[in-house]
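Worksheet: the structure to be examined is printed underneath.
The values are calculated or read from the model by the stated rules, or taken from the named source; none is laboratory data. For clarity, every value in this text was computed on a predicted model and none was experimentally measured. A quick note on method: Cβ atoms are made from the backbone with ideal geometry, for glycine too, and the neighbour counts reach across all protein chains shown.
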Amino acid sequence: MDNRRAYDDVAAHYDLEYPGPRTGELEFWQGQLPAPDSKVLELACGSGRLLAPLARGGAVMTGIDSSPAMLARARERLRADPAVCGFGARLHLQSMQDLELEDEFSLVMAAFNALLLVPHRELPLVLERVRSHLDRGGKLVAELFAMTGFDALPDEESAPLAGGSGSWWRDRSYRYDPDLRAGISHVSYRHGRGRIASQHSYGLHLHSWPELETQLVGSGFWIESLYGGFDRRPFRDAGGQLIFVARPSD
């Protein structure tokens, strides 16, 4: 499933569900910076919910995303924060598959399932492009959900949105597509009991950790660290949240 424009239709409401960093998320990424003013590239930066606060702390941030609407939200967020404007965070309309920038970075970050937006057959290309954008000593850090047996089960849920003061709701239906090896979600946003304000579908191309490790090693990376959460607890290879730190092998 091609996710490159999947978020255009819901950009206006995405921040109601994810208004900012999750618990422990920003602190984790700040801890991954080699230095406070490190050059950082965020893949699939979306509305800038992580990019902006990292820039506020002094990191030299660059973000790419394939959704013009999400990048517009990120620009609004950056312009609204005087503490960020002076650091000159840069945004580019690019997919991960088409990544091509002139800079090199000490950290490339793929937060909140960003790598799972890439179809399985295209992941080696993305890893190759990331590797070519790392400076000497640079690293790729990614946070995602490793596949479990529960991911094959259909699911439906409705929930109030964190940034919606209880008046906005998200409805989500989920199914697993074994041919794509992807979890397909259809998400809609509505105000109270009113009509749907926006909706979209997207697919997360799921991996077990052994599969993902094989891809990384085959693309010229070695695994420095493996965590099971933002608190850096060990990953137990039972699925769920997974964070890896990988560096080029040469």
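Taking the condition in contact (Cβ under 8 Å) with a residue 24 or more places away in the chain and touching a strand residue (DSSP E or B) at 6+ places or on another chain (Cβ under 6 Å), does GLU143 pass?
Spelling it out, GLU143 is indeed in contact (Cβ under 8 Å) with a residue 24 or more places away in the chain and touching a strand residue (DSSP E or B) at 6+ places or on another chain (Cβ under 6 Å).
In the stretch 63-89, which residues are in contact with a strand residue (DSSP E or B) (Cβ under 6 Å, 6 or more places away or on another chain) and more than 20 Å from ARG5 (Cα to Cα)?
ALA89
Need a quick list: strands (runs of 3 or more DSSP E) entirely within the stretch 138-250 having at least 3 residues that are under 18 Å from the mean Cα position of the chain (by Cα).
Once the strands (runs of 3 or more DSSP E) in the stretch 138-250 are filtered for at least 3 residues that are under 18 Å from the mean Cα position of the chain (by Cα), what remains is 182-191, 196-205, 240-248.
When the stretch 1-32 is examined, which residues are found to be in contact with a Ser or Thr (Cβ under 9 Å, 6 or more places away or on another chain), of a type in the set (Ser, Thr, Tyr) and surrounded by fewer than 17 Cβ atoms within 10 Å (Cβ to Cβ)?
TYR18
Can you find, within the stretch 210-234, the residue that is nearest to VAL118 (Cα to Cα) among those that are surrounded by 19 or more Cβ atoms within 10 Å (Cβ to Cβ) and not small (Gly, Ala, Ser)?
Selected residue: LEU212.
Contact list please: Cβ distance under 8 Å, first residue in the stretch 170-181 and at positive phi, second residue modelled with pLDDT under 95, pairs at least six apart or on different chains.
ARG181/HIS120; ARG181/HIS205; ARG181/LEU206
Any residue that is in contact with a Ser or Thr (Cβ under 9 Å, 6 or more places away or on another chain) and farther than 30 Å from HIS133 by Cβ - is there at least one of those in the stretch 228-247?
There is at least one residue in the stretch 228-247 that is in contact with a Ser or Thr (Cβ under 9 Å, 6 or more places away or on another chain) and farther than 30 Å from HIS133 by Cβ.
Filter the stretch 129-162 for residues that are out of contact with any Ser or Thr (no Cβ under 6 Å at 6 or more places or on another chain) and of a type in the set (D, E, K, R); which is nearest to LEU180 (Cα to Cα)?
Per the criteria, the residue is ASP151.
Can you name the condition, by its number, that LEU116 falls short on among (1) touching a Leu at 6+ places or on another chain (Cβ under 6 Å); (2) without any contact (Cβ under 8 Å) to a residue 60 or more places away in the chain?
Tallying (1) touching a Leu at 6+ places or on another chain (Cβ under 6 Å); (2) without any contact (Cβ under 8 Å) to a residue 60 or more places away in the chain, LEU116 fails exactly one: (2).
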